[in-house]
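**Student:** Input: one structure, supplied below.
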Amino acid sequence: MDLYFVVVLTFCILISEKRWVVSSTKLPTADNLTWSSINLKTILEWQPAPTGFTYTVEISGKLTNWKKNPACIKTKNTECDLTGLLQEVKDTFYAHVISEPEGTNEEAEEYPYKVSPAFTPYNQTIIGQPDFTLKENEAKTKVKVMIKDPDTPYRNSNKTFRSIREYFNGNLAYHIYYWKATSTGKKTENTNTNEVEINIEKGESYCFSVQPVIPSRKDQTRLGHVTPPKCTPSQDYGPALLIIVIIAVVLSIIITVSICVACKCKKSTEEKKTENMPLKDV
């Protein structure tokens, strides 16, 4: 009877401690946790790829409770898109990347995890390339640069994407670089608006590129991604130039033909005079 009691007690203890046994299994933890964020779209990356276990990611801010992205629960991936959980862009967030045994439904706080560096979207997201268009005035002496702010992944109530300016307002500015298409010397125009007019030399083609800047920042995230250049066309006189060229060619042909005809007539006249001259006495 005593032996039976001991066996049953031991079995019960093992069952009750199952969670502890599983959680105490030595599991590798994530390493090199890195935030990657452009225009407030934010991904957490880490290493190594799991073998025999999975990762679960949870995130919390100073102003928000712990949350999980369902796509990053018991995942074999080494990245997690946390954009949807970071809409409080001025909050500071920390993420836990938890290593869990593969094929178990047990949840245990004792599973090993790695804590990410702190991340504040407003202070750390990189501003991506904006779009812009160019418009010359009729005199071809000014170019208006019209900039469209980059979109974020977040939507307004009407389902349109919110622009990055809706979050940064006056803290978003642009460097506009411009230069003659035939030169490498660049000039810079700074603006905190979306339109700026720049003086150019008439008859010259100019190239432009735009780079976002967050003036309040002091580190490498201050400058955003610069756009590829766009250039104004070379001076184009259109149909008028074509008409002038055609007229010049026609006049050239007429003048050439007239000269040839005149020369031929003169030569013919001289030959006739020679034929009609009397022979001299010998």
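The values are calculated or read from the model by the stated rules, or taken from the named source; none is laboratory data. Keep in mind it's a predicted model, so treat the numbers as computed, not measured. Positions of Cβ are generated from backbone atoms using ideal geometry, with glycine treated the same way; all protein chains shown enter the neighbour counts. SASA here: full protein model, heavy atoms, side chains in, ligands and nucleic acids out. Shrake-Rupley method; radii C 1.70, N 1.55, O 1.52, S 1.80 Å.
**Student:** Along the stretch 54-64, what does the Karplus equation 6.51 cos²θ - 1.76 cosθ + 1.60 (θ = phi - 60°) give for ³J(HN,Hα), rounded to whole Hz, x for Gly and Pro?
**Tutor:** 10, 10, 10, 10, 10, 9, 8, x, 5, 10, 10
**Student:** Follow-up question, since we're still on this one. Which value, in Å² and to the nearest 10, is the accessible area of Tyr113 when all protein chains are kept and the probe is 1.4 Å?
**Tutor:** 110 Å²
**Student:** Further question on the same structure: Testing the spin-label approximation: label points 7 Å from Cα along Cα→Cβ at Asn137 and Asn123. State their distance in nm.
**Tutor:** 4.5 nm
**Student:** On to the next question. With every protein chain left in place and a probe of 1.4 Å, what is the accessible surface of Glu102, to the nearest 10 Å²?
**Tutor:** Here the accessible area works out near 100 Å².
**Student:** Specify the inter-centroid distance of the stretch 89-167 and the stretch 198-213, based on alpha-carbon positions, in whole Å.
**Tutor:** What the calculation gives is 29 Å, centre to centre.
**Student:** For the stretch 55-159, rounded, prolate or oblate, judged on the Cα gyration tensor with a ≥ b ≥ c (square roots of eigenvalues), a/c < 1.5 rounded, else prolate if a/b > b/c?
**Tutor:** Verdict is prolate for the stretch 55-159.
**Student:** Something else: Starting from the amide H of Tyr206, placed 1.01 Å from N in the peptide plane, find each other amide H under 5 Å away whose residue is 5 or more places distant or on another chain.
**Tutor:** The list, which skips near neighbours in sequence, is Ala181, Thr232.
**Student:** Report the relative contact order of the stretch 118-163, percent, no decimals, based on alpha-carbon pairs under 8 angstrom and at least 6 residues apart.
**Tutor:** Relative contact order comes out at 27 percent.
**Student:** Then there is this: Give the long-range amide H neighbours of Arg162: residues separated by 5 or more places, or on another chain, with amide H under 5 Å away, using H modelled in the peptide plane at 1.01 Å from N.
**Tutor:** Thr152, Tyr154, Arg155, Asn156
**Student:** So if R0 is 30 Å, what FRET efficiency would Trp179 and Ser216 give, r being the distance between their Cβ atoms, rounded to the nearest 0.05?
**Tutor:** Efficiency for this residue pair is about 0.55.
**Student:** May I ask you to list the residues of the stretch 148-165 whose amide nitrogen lies under 17 Å from a point 7 Å from Cα along the Cα→beta-carbon direction of Glu79?
**Tutor:** 153
**Student:** Would you pull out the residues with amide H under 5 Å of Asp131's amide H, same chain only if 5 or more places away, H placed 1.01 Å from N?
**Tutor:** Placed amide hydrogens put Lys148 under 5 Å from Asp131.
**Student:** For an R0 of 35 angstrom, estimate the FRET efficiency from the Cβ-Cβ distance between Asn194 and Thr92 and round to the nearest 0.05.
**Tutor:** It comes to 0.70.
**Student:** May I pose another question? No solvent, one uniform scatterer per C-alpha: report log10 I(q)/I(0) for the stretch 121-214 via the Debye equation at q = 0.12, 0.15, 0.22 1/Å, two decimals.
**Tutor:** Here log10 of I(q) over I(0) equals -0.45, -0.64, -1.08.
**Student:** Same structure, new question: Let's test the formula: R0 of 41 Å, r as the Cβ-Cβ distance of Cys231 and Thr51. What FRET efficiency results, to the nearest 0.05?
**Tutor:** 0.20
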